[in-house]
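Structure record follows, encoded as structure tokens.
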Amino acid sequence: MNKIDIEKLEQKLEKCKNISIDEVNANDIEDISNININKRKSSKDRILDFLSSASNPYIFKVNGKLVKIEFSNNTRTAESCITNVIKSIYE
């Protein structure tokens with residue numbers, strides 16, 4: 001991506017990150033399964049593709065349910081958080 005695209009993407013992310021899930025129309029949000037990402041690309045390029053293609057990369061649908069992701073400034077990874085949630089459900 002060129003610098004102009006990155007700047008636009010940064011502006012999009014800044015705008016989208018503070019939108020409440022209550023503020024969005026569920027019909028305007030993509031189901032995560034309908035967002036196609038080329039698995040042959042590098043992880044960096046796949047992330048950039050997702051961020052560019054999603055109308056709001058912080059809010060998407062999973063099986064018809066709205067999901068909002070948020071990030072905190074700590075050392076925990078998304079993978080470890082998801083693993084802990086799954087473990088707690090199935091213990």
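Give a residue-ordered list of calculated ³J(HN,Hα) values for segment 15-24 (Karplus: 6.51 cos²θ - 1.76 cosθ + 1.60, θ = phi - 60°; whole Hz; x for Gly, Pro).
Each residue of segment 15-24 in turn: 5, 6, 5, 9, 6, 6, 4, 6, 8, 9 Hz.
Of [x] 27, 23, 9; [y] 18, 16, 13; [z] 23, 18, 15, which is the value of semi-axes √(5λ) of the Cα gyration tensor in Å derived from the coordinates here?
Matching entry in [x] 27, 23, 9; [y] 18, 16, 13; [z] 23, 18, 15: [z].
Using Cβ counts within 10 Å as a stand-in for footprinting exposure, how do 14, 30 rank, fewest first?
14, 30
For n ≥ 4 DSSP H runs only, could you compute -39500 (n - 2.57) per run for the chain, divide by its residues and tell me the 222 nm figure to the nearest 500?
Only helices count here, giving -13500 deg cm²/dmol.
Using Cβ counts within 10 Å as a stand-in for footprinting exposure, how do 50, 60 rank, fewest first? Show your work: numbers first, answer last.
Details: 50 15, 60 21.
The fewest-first ordering by Cβ neighbours comes to 50, 60.
Relative to the present Cα-Cα distance, how much length would full extension add between residue 36 and residue 17 at 0.36 nm per residue of separation?
4.7 nm
With a cut-off of 15 Å, note down the residues of segment 41-80 whose backbone N falls inside the zone around a label point 7 Å from the Cα of residue 25 toward its beta carbon.
From segment 41-80, the list is 55-56.
Laboratory data are not the source of any read-out in this text; all were calculated from the coordinates shown. In this text the structure is predicted, and so the values were computed from the model without any measurement. Virtual Cβ from ideal backbone geometry, glycine too; neighbours counted across all protein chains shown.
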